[in-house]
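Undergrad: For reference, the structure I am asking about is given below.
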Amino acid sequence: MFAMSVVGHPSPRSFSHAMAARATETLERMGVQVARHDLYEEGFEPVQGADALVALHREQLAAADLLLVFHPNWWGMPPAILKGWVDRAFVPHVAYRDAPIGLPPIGLLKARALIFNTGDTPPAREAAVFGDPLQTLWQAQILGFCGVTDVTRRLYAPVSSSSEDERELWLAEVEGLVAAVATDVSID
């Protein structure tokens with residue numbers, strides 16, 4: 001089994017990074033090969049042409065059995081660097097291919113996906129006032145378009161006022177979800 005983990009948060013001390021670290025530790029303990037990518041640390045260029053790093057990301061995305069993405073919710077969207085990663089990695093002949101006119105594209109990705117978001121809006125207000133734009137973005141507009149049908153997303157909020165106990169409960173949930181999905185993928 002091969003997993004690709006992508007973090008799109010500028011601070012290495014963020015809860016997004018803590019979740020990614022817990023997920024990676026869990027997968028590696030289970031014997032899963034994990035390709036870890038911190039877009040900011042790698043200096044991922046979200047707007048320029050193809051380069052060796054983009055080629056590596058595309059290759060790993062196409063090969064992934066499990067895709068994990070960690071990012072904050074900024075204005076109902078991922079940070080620009082992560083949007084740029086999607087623009088540059090989820091391309092034709094890697095993530096999907098065009099179908100005849102009038103038919104939907106053919107998704108090429110085989111991965112299951114776990115998306116973990118942080119935010120500062122309490123979840124009840126987020127749902128009541130804004131709906132769930134990140135669920136639609138990841139499940140339908142990006143991953144569903146590319147053939148991924150098994151998408152699990154969690155929002156942990158409000159993160160800036162959360163206690164250490166809350167964060168530890170959230171990390172335990174991340175660990176449990178990752179372990180459960182990795183076990184299911186290994187069985188398939």
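The values are calculated or read from the model by the stated rules, or taken from the named source; none is laboratory data. Nothing here was measured: the structure is a model prediction, and the numbers come from that model. Heads up, the Cβs are rebuilt from the backbone with ideal geometry, glycines too, and the neighbour counts pull from every protein chain shown.
Undergrad: Under 9 Å between Cβ atoms, at least 6 apart or on separate chains: pull out the pairs that start in the stretch 117-144 with a residue that is on the phi > 0 side of the Ramachandran plot and end on any residue that is surrounded by 14 or more Cβ atoms within 10 Å (Cβ to Cβ) and outside any helix (DSSP H, G or I).
TA: Pairs that qualify, where the first residue is on the phi > 0 side of the Ramachandran plot and the partner is surrounded by 14 or more Cβ atoms within 10 Å (Cβ to Cβ) and outside any helix (DSSP H, G or I), are Gly131/Gly76.
Undergrad: Please identify the pairs in which a residue from the stretch 170-188 that is in contact (Cβ under 8 Å) with a residue 24 or more places away in the chain and within 10 Å of Met1 (Cβ to Cβ) has its Cβ atom under 8 Å from the Cβ atom of a residue that is aliphatic (A, V, I, L, M) and assigned to a helix (DSSP H, G or I), counting only partners at least 6 apart or on another chain.
TA: Pairs that qualify, where the first residue is in contact (Cβ under 8 Å) with a residue 24 or more places away in the chain and within 10 Å of Met1 (Cβ to Cβ) and the partner is aliphatic (A, V, I, L, M) and assigned to a helix (DSSP H, G or I), are Ala182/Leu27.
Undergrad: Let me ask something else about it. If Phe116 satisfies every condition in (1) surrounded by 15 or more Cβ atoms within 10 Å (Cβ to Cβ); (2) closer than 23 Å to Glu28 by Cβ; (3) over 19 Å from the mean Cα position of the chain (by Cα); (4) of a type outside the set (Val, Ile, Thr) but one, which is the exception?
TA: It is condition (3) that Phe116 fails.
Undergrad: Go through the residues of the stretch 45-58 one by one and say whether even a single one is aliphatic (A, V, I, L, M), surrounded by 13 or more Cβ atoms within 10 Å (Cβ to Cβ) and outside any helix (DSSP H, G or I).
TA: no
Undergrad: Turning to a different aspect of this structure: Note down all Cβ pairs under 9 Å where the first residue falls in the stretch 23-40 and is part of a strand (DSSP E or B), the second is of a type in the set (Asp, Glu), and they're at least six residues apart or on different chains.
TA: Every condition considered, the pairs that remain are Val34/Glu28.
Undergrad: I've got another one for you. Filtering the stretch 136-159 down to residues that are out of contact with any helix residue (DSSP H, G or I) (no Cβ under 9 Å at 6 or more places or on another chain) and of a type in the set (S, T, N, Q), which residue is farthest from Ala95 (Cα to Cα)?
TA: Thr136
Undergrad: Please determine whether any residue of the stretch 146-167 is surrounded by 19 or more Cβ atoms within 10 Å (Cβ to Cβ), modelled with pLDDT of 95 or more, in contact with a strand residue (DSSP E or B) (Cβ under 8 Å, 6 or more places away or on another chain) and part of a helix (DSSP H, G or I).
TA: Yes, the conditions are met somewhere in the stretch 146-167.
Undergrad: Right, something else. Of the conditions (1) hydroxyl-bearing (Ser, Thr, Tyr); (2) surrounded by 14 or more Cβ atoms within 10 Å (Cβ to Cβ); (3) over 23 Å from Ala18 (Cβ atoms), Thr136 satisfies every one except a single condition; which number is it?
TA: (2)
Undergrad: What is the number of the single condition among (1) surrounded by fewer than 19 Cβ atoms within 10 Å (Cβ to Cβ); (2) basic (Lys, Arg); (3) closer than 28 Å to Val34 by Cβ that Arg125 does not meet?
TA: Against the list (1) surrounded by fewer than 19 Cβ atoms within 10 Å (Cβ to Cβ); (2) basic (Lys, Arg); (3) closer than 28 Å to Val34 by Cβ, Arg125 comes up short only on (3).
Undergrad: Of all residues being in a loop (DSSP other than H, G, I, E, B) and of a type in the set (Phe, Trp, Tyr) in the stretch 72-114, which is farthest from Gln33 (Cα to Cα)? Just the residue, please.
TA: Of the residues in the stretch 72-114, the ones in a loop (DSSP other than H, G, I, E, B) are 73, 75-76, 78-79, 90-91, 93-95, 98-105, 108-111.
Applying the additional criterion that residues be of a type in the set (Phe, Trp, Tyr) yields 75, 90.
On the way: Trp75: 33, Phe90: 21 Å.
In this case the residue turns out to be Trp75.
Undergrad: Only one residue in Val148, Val159 is of a type in the set (Val, Ile, Thr), over 17 Å from Met4 (Cα atoms) and touching a Lys or Arg at 6+ places or on another chain (Cβ under 9 Å). Which one? Explain how you work it out, then say what you get.
TA: Working: Val148 fails: over 17 Å from Met4 (Cα atoms).
Going through Val148, Val159 in turn, the sole match is Val159.
Undergrad: If you check Val54 against the conditions, is it touching a Lys or Arg at 6+ places or on another chain (Cβ under 7 Å) and at negative phi?
TA: yes
Undergrad: Name every residue in the stretch 1-40 that is of a type in the set (S, T, N, Q) and under 20 Å from Arg154 (Cβ atoms), in order of residue number.
TA: Selection gives Ser5, Ser11, Ser14, Ser16, Thr24, Thr26.
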